[in-house]
Each structure stands twice: as C-alpha cells, then as structure tokens.
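See below for the structure under consideration.
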Amino acid sequence: MLNKIRVKLDFFRETFSEDESNFDRKLLAWRQAETRYHRSQRLVDLGAPLLILNLEFVWLSVMLDHMRMVSLGIEPVFTQEQQEELAELRELEKGM
C-alpha cells in the first residue's frame, strides 16, 4: 500500500510547475502528504503497534484527500476535531 502511495505522491509532484498561480498551495499540500507518508513508513519500519499505525494511516488518507482537493482547485478544510488533534500532535512532536 505504501508503495502505491509513494508512486501517487511522485506523480502528483510532477503534475504542477512553478509557473502555476496556485503553485505554493499545491506544493504545501504535497509536502504535508509527503511528510505524513514518511512518518507512516518510519512507524511501519519500527514495528509500531497496530493502533498507532491505524491512526497514522487515517491521517495519511486525510492528507492525500486534501492534496487531491487542492489539485482540483478546492480549498480543503480540517474539521474542528481534526484541528484540535493536529495541534495536540504538534505539541507532542515539539517535546520529542
């Protein structure tokens, strides 16, 4: 599954160029999905518990959906619950 996601991420990055008006937005969406992909891959490599992997894959799916929406010109929005969870995750990562 992660190999297929890697191919999609690479393909998405090749589909837009710096000449586009929304290049920055697409690049940001791609970077967020790319970061989440690498995090997921690292957790798999480390043999993380299934509960953690499931949560990580949910977030990877959210980021991929956001990336797809940006490519279609739709501005994705996190739900309030997702925003709170992302804020908590950022705080946890700062402490590491």
At least 24 Å along the helix axis (C-alpha) and Kyte average at least 1.0, DSSP helices within the chain: 50-71
Cα centroid separation - region 24-72 against region 2-19, whole Å: 13 Å
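Of the chain, which part is the longest with no GluC sites (Glu not before Pro) in a loop (DSSP not H, G, I, E, B) and with at most 12 other C-beta atoms within 10 angstrom?
That would be 21-96.
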For the chain, size of Cβ-based charge dipole, Lys and Arg +1, Asp and Glu -1, in debye: 340 debye
Helix-only mean residue ellipticity at 222 nm for the chain, each DSSP H run of n ≥ 4 adding -39500 (n - 2.57), per residue, nearest 500: -26500 deg cm²/dmol
Gyration tensor (alpha-carbon) shape descriptor, region 15-96, a/c threshold 1.5: prolate
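Compute the relative contact order of the chain as a whole-number percentage, counting only Cα pairs closer than 8 Å that sit 6 or more residues apart in sequence.
That works out to 25 percent.
We did not get these values from a lab; they are worked out from the coordinates using the rules stated. Predicted model, so just to flag it, every value in this text is computed and none were measured. Methodologically, a virtual Cβ is constructed for each residue, glycine included, from the backbone with ideal geometry; neighbour enumeration extends over all protein chains shown.
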